[in-house]
Structure formats: C-alpha cells, structure tokens
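Working notes for the structure below.
The values are calculated or read from the model by the stated rules, or taken from the named source; none is laboratory data. Remember, predicted model here, so these are calculated numbers, not experimental data. With ideal geometry, Cβ positions are generated from the backbone for all residues, glycine too; neighbour counts draw on all protein chains shown.
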Amino acid sequence: MDFHWYLDIYHGADYFRRWHRLRECSGTLLNHKASHHFDLLNWWVDSDPEEVHAFGALEFYGKNHEFRHTHCRPCPFKEKCQFYFDMTKDKRLMQLYADNEKYDRYTRDGCVWKEDIDIFDKMAVQIRYANKVQVSYSLTTYSPYEGFRIAFNGTKGRLDFWMHERQPWPMDNFDEIHITDNFGKAEFMKLPRIEADHYGGDPLMKDKIFRNPSAPDPFHQAASVRDGAMSVLIGVAARKSIDSGKPISIAALSDIVPQPQRPRS
C-alpha cells in the first residue's frame, strides 16, 4: 500500500504556531496527526503493525528561515512574511485565546519560524504488518494543496483513491477511484464528496457513542482502546526509528502481541 498525506501551507503551518511544535507536548505529528492516518491503515489492512522504519526531518519551519518573532500580532516582519496570521480578524479566536493570554500565557498565533520548534515537518514511514502487508506512508506539512492518496497494490491489479480537501485549481464535487487490472480493463469512478467533518466520520462516531451504541457495525468501524493503542504505537515506533536510525518492533514497545488479523472490538 502507498499512503501519502498532504497538509497545505495553511493547515500544516498551524501546527507549528501552536503547542504541537514542541515534541514534549505533542509527541511530534507522528503521534498527534498521523495516528489518525495509522488508524485508517490498520482498519484497511485488517492486521496489526509488526515493525516500523522511518525517516523524518525539520527542513522548512523553525530555524530554517532568515527572520522570526515571538508571534504574529506584534511581528515587525508581517508585511513580508507569507505565513503572517492575522488572528484579530477572527472574533472567536480572539475571545478564546487572546483575551486569556494574561492567565495562561498561551499565544495562538505563534511564529512558525521560532527556533524552539523541534518536531518533524516531513516524515516517511515504512510499516510491515503481521499479515505481511507492506505500507509506504508519508506526511508533508508544507504542500500547496491538502488531501491524501491511497493505493492498494495487489498481484492482479491496483486500486487508487485520491481525496481532495483544498487545492489551488478548480474542484468538482467528486473524489476519484481508479481500479486497474494487470491484464484487463481499467475502471474510473467518481464518488460524491462527503462534506461532513472528517469525511463523514464525525457524525457516525457521535451517533455510535451517544445516540445508539448498539447500532449495527457490519464493517467493524468502531474502534476499541486496543485499536487506538496500535495506531499510537506506530507513531511512537516511527519517532524512535528516526531518532535511532533503526527499525523498531511494535512488540518491544508494549505487551500487546501483534496479530495477523486485527481483533474485533
């Protein structure tokens, strides 16, 4: 499987303005952001991750710039900084954050070039599952567009899916699926875009938790605590792999034994 997630210069940059920029607070985006993506992978593969090898670097944000300040509102470089964020235009953010800075000293519009940023802004992760599926995953935080591509490579063909969230060119209201046989036909499908939060996942999750916990779940989409742990463990393993330069076994991080088929919740 090939799985590539793109955070654009608006969404991606926002993680480097806030508390996420510090490894001690967020565990890096391999935990805070990518754990959601690993959760999807675990469900698609229907197996437990077994070993992780990763690379990562901070090559764009943080100290990789010629000027910086504490945060955007008083910044003397606001006229020339492409990442200047004018929080004063958002009444909600001003009331929620700016009005309370005197109490918590937290700045919502922190500078994306601050030298204390110590998380990665580009990540590449290789995952081997207990059922021997291999995954190549990447996360880029400074892309010109937002969305993801996923491809399932099989011995008889390939399935590609591209989900667009934001892009600089005109968008239609569809996402794309391509199914290609090795020695047969190619099929192209357009799926109507789901506008609900997190691609329609939030309403389903809220219904399952609050409205009808006993609702049928034929595709086993409801996640257990174990499912959550396995997605987080991929992020922890990836971070440790980047730090050490070595592959990391999931079994070495927890007493959870990876299973060829993901246990049902």
Go through (1) among the charged types (D, E, K, R); (2) within 18 Å of the chain's Cα centre (by Cα); (3) exposed (fewer than 14 other Cβ atoms within 10 Å of the Cβ) and name the single condition Asp227 misses.
(3)
Sort through Met94, Met163 and tell me the only one that's more than 23 Å from Phe60 (Cα to Cα) and modelled with pLDDT under 95.
Met163
Given (1) more than 30 Å from Ile9 (Cβ to Cβ); (2) surrounded by 14 or more Cβ atoms within 10 Å (Cβ to Cβ), number of the condition Asn182 does not satisfy:
(2)
Hits in the stretch 7-53 (condition: aromatic (Phe, Trp, Tyr), touching a helix residue (DSSP H, G or I) at 6+ places or on another chain (Cβ under 8 Å) and surrounded by 18 or more Cβ atoms within 10 Å (Cβ to Cβ)):
Tyr15, Phe38
Residue check: is Gly110 in contact with a helix residue (DSSP H, G or I) (Cβ under 7 Å, 6 or more places away or on another chain), surrounded by 14 or more Cβ atoms within 10 Å (Cβ to Cβ) and either acidic (Asp, Glu) or farther than 26 Å from Ala237 by Cα (or both)?
yes
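With the requirement that a residue be touching a Pro at 6+ places or on another chain (Cβ under 9 Å) and not charged (D, E, K, R), what does the stretch 130-154 give you?
Of everything in the stretch 130-154, those that are touching a Pro at 6+ places or on another chain (Cβ under 9 Å) and not charged (D, E, K, R) turn out to be Ala130, Asn131, Val135, Pro144, Tyr145.
Checking the conditions here, which among His53, His36 is in contact (Cβ under 8 Å) with a residue 24 or more places away in the chain and in contact with a Pro (Cβ under 9 Å, 6 or more places away or on another chain)?
Values: His36 fails: in contact with a Pro (Cβ under 9 Å, 6 or more places away or on another chain).
Criteria check complete, one pass: His53.
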Please verify whether the stretch 215-237 includes one or more residues that are β-branched (Val, Ile, Thr), without any contact (Cβ under 8 Å) to a residue 12 or more places away in the chain and under 19 Å from Arg262 (Cα atoms).
yes
Which one of Ala238, Ala196 is of a type in the set (A, V, I, L, M), out of contact with any Phe, Trp or Tyr (no Cβ under 8 Å at 6 or more places or on another chain) and loosely packed, with under 14 Cβ neighbours inside 10 Å?
Ala196
